[in-house]
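Notes follow the structure.
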Amino acid sequence: MLYRLSPALLMLILTNVGCQNSGESFVLAPVEGRVVLDSTPVPDALVQFSPTKGPSSQGYTDSNGQFTLMATAGKGAVVGPHSVKVTTGLPKPAEVSSSEANEPPKEVSLGNSPPTDYIFESTMSIENNNNVIELDLNKAKKRRG
């Protein structure tokens, strides 16, 4: 099954949107981790951490399910509580079409199923030190896109 992704949609997915702050400063702490499902690493998943205040952070998992979070302000995530979402079934970042405005959207194969969101119902706290987190998708609420 093929999905048509516009450059604007890709920018929405791959960047922080609406995270402009009004001169407030936020403390970022390093965050890395692993995403698993049934004890198996989940590759090519988009991991998003959204704090109650400040810019969100995101990262993609590698073939071992490992990720490192990045915010618009640098490496890591804002210290404090976050809602967490993991999305599977998206194209790999290298497969994403160009974001040039006058280029038509590129068709990208996403396999046989649409993207799936895994929403963690309890918030996760980022501490002001090195944070290593394992996200078990069996503990999240599953929602198909």
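In this structure, does Val36 turn out to be surrounded by fewer than 19 Cβ atoms within 10 Å (Cβ to Cβ) and modelled with pLDDT of 90 or more?
Answer is yes for this residue.
What number of residues in region 50-83 are among the basic types (Lys, Arg) and part of a loop (DSSP other than H, G, I, E, B)? I'd like the intermediate steps shown before the answer.
Within region 50-83, the subset among the basic types (Lys, Arg) is 53, 75.
Still in the list and also part of a loop (DSSP other than H, G, I, E, B): 53.
The total comes to 1.
Quick one: which of Val108, Val47 is assigned to a strand (DSSP E or B), at pLDDT below 95 and of a type outside the set (Ser, Thr, Tyr)?
Working: Val47 fails: at pLDDT below 95.
From the options Val108, Val47, the qualifying one is Val108.
Given the structure, is Ala101 at pLDDT below 60, outside any loop (DSSP other than H, G, I, E, B) and not charged (D, E, K, R)?
Working: at pLDDT below 60: yes; outside any loop (DSSP other than H, G, I, E, B): no; not charged (D, E, K, R): yes.
Taking the combined requirement at face value, the residue does not satisfy it.
The values are calculated or read from the model by the stated rules, or taken from the named source; none is laboratory data. Since we're looking at a predicted model, the values are computed, not measured. Cβ: placed from backbone, ideal geometry, glycine included. Neighbour counts: every protein chain shown.
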